[in-house]
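The values are calculated or read from the model by the stated rules, or taken from the named source; none is laboratory data. Bear in mind the structure is a predicted one, so any value in this text is a computation, not a measurement. All Cβ positions, glycine included, derive from the backbone under ideal geometry; neighbour counts span all protein chains shown.
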């Protein structure tokens, strides 16, 4: 590892950014892009020639690690003369793996990525990779960030890190303890996003239900303040733990001006024994209570569920309990993840490798994904013939070469993906649209 070199701010240059992983990573990348633009840099498309390539990485599974290594090598092949920076969760947890890839110039950790220009010099390729990755226990600052591209939605980071210790998860080791911005700072960012013409903000974080707890605050006052921001028509909560989703939050969303009827609530397992082994802070009865409260307050609400299959203690009976439990829940869709052994986690150190064969893990994943498709289709059919507000997205029109009519897509307030004939003038607008039949694409047609 080479020593930190002095700062040299270059003249106008180009930088290409590429993000892997979650919405929070995209928000962080948006913050880094603004650092470059503020200094006169041009942000160009990843894969094109640029002076700097910046990769923001993910490490949630072993497959994510593999994709990170693959993407770094692909970027180096495509742009061999560029100054290559790697940051993000994979860089924080496995800096040695990144450093060993020939051609990487700079590796930055969770704290350092928010101050990139401390490290940029003449941008000449280096014989030795410079690595600056702080111990995660020393990461206490909150790096404000949001991503606001040409799409109609923006992702606003309100919280980072996690104080939980789920036995399968490396995120606390990659992002540190929970920390968040002040309400007034987030409200100011929301006004900035509104000024850019965006109409929807997705609130993002690692564990946003912990917002403000490090200083005695809570999430609800933030939601109330954001609901008063002019110009933002819709706010969406990206994901919130069931034990942190209070009645007050549910009731507030039900009666708010701008918060949409959509919740994403991690479950991970529908079996209490597995939840205990996972060190989750709730059991099925708590989760059931949260879903029932939402449906009672907002019968049209979409409810998304995260589930992990193949955890080391998950027997066939445990999995069937999960399948049956989720089948009976009035939820709208699932995000299904296959358990991945992560070095340093309790699940690996104390439980060892999963006795569930990978083929069996894949089969369980497929069963739940098929269940998700059925639930998503059933939820969409409930609203066929009704009118829902749709936010139409920017972006290239879809359709094959020579197609007679291209399409545009968007989301209803309750997270149904819809499509209609492309009309550039409607992009970025919210309109009441009558929902038609389910299409082969899984989207819903708009009459």
Out of the strands (runs of 3 or more DSSP E) lying entirely within the stretch 290-407, which hold 1 or more residues that are modelled with pLDDT of 95 or more and within 24 Å of residue 209 (Cα to Cα)? 302-309, 333-338
Which is farther than 19 Å from residue 174 by Cα, modelled with pLDDT under 85 and outside the structural domain of residue 97 (by TED's automatic domain parsing), of 150, 127? 150
One residue from 4, 54 being touching a strand residue (DSSP E or B) at 6+ places or on another chain (Cβ under 9 Å) and modelled with pLDDT of 90 or more: 54
Any residue at all in the stretch 206-217 that's more than 15 Å from the chain's Cα centre (by Cα), at pLDDT below 95 and buried (at least 23 other Cβ atoms within 10 Å of the Cβ)? no
Quick one: in the stretch 18-72, of everything that is out of contact with any helix residue (DSSP H, G or I) (no Cβ under 7 Å at 6 or more places or on another chain) and assigned to a strand (DSSP E or B), which residue is surrounded by the fewest Cβ atoms within 10 Å (Cβ to Cβ)? 48
When you check residue 284 against the structure, is it crowded, with 16+ Cβ neighbours inside 10 Å and touching a strand residue (DSSP E or B) at 6+ places or on another chain (Cβ under 9 Å), yes or no? yes
Scanning the stretch 173-230 for residues that are in a helix (DSSP H, G or I), in contact with a strand residue (DSSP E or B) (Cβ under 9 Å, 6 or more places away or on another chain) and closer than 13 Å to residue 163 by Cα gives 174, 175, 208, 209, 210, 213, 214
If residue 253 passes every condition in (1) outside any helix (DSSP H, G or I); (2) farther than 19 Å from residue 184 by Cα; (3) in contact with a strand residue (DSSP E or B) (Cβ under 6 Å, 6 or more places away or on another chain) but one, which one does it miss? (1)
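Suppose we filter 413, 306, 328, 324 for residues that are closer than 28 Å to residue 290 by Cα, without any contact (Cβ under 8 Å) to a residue 24 or more places away in the chain and out of contact with any helix residue (DSSP H, G or I) (no Cβ under 8 Å at 6 or more places or on another chain); which single one remains? Reasoning before the result, please.
On the way: 413 fails: without any contact (Cβ under 8 Å) to a residue 24 or more places away in the chain; 306 fails: without any contact (Cβ under 8 Å) to a residue 24 or more places away in the chain; 324 fails: without any contact (Cβ under 8 Å) to a residue 24 or more places away in the chain.
Going through 413, 306, 328, 324 in turn, just one is closer than 28 Å to residue 290 by Cα, without any contact (Cβ under 8 Å) to a residue 24 or more places away in the chain and out of contact with any helix residue (DSSP H, G or I) (no Cβ under 8 Å at 6 or more places or on another chain): 328.
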Could you tell me whether residue 107 is in contact (Cβ under 8 Å) with a residue 40 or more places away in the chain and outside any helix (DSSP H, G or I)? no
From the residues in the stretch 120-144 that are farther than 24 Å from residue 215 by Cβ and in contact with a helix residue (DSSP H, G or I) (Cβ under 7 Å, 6 or more places away or on another chain), which one is surrounded by the most Cβ atoms within 10 Å (Cβ to Cβ)? 133
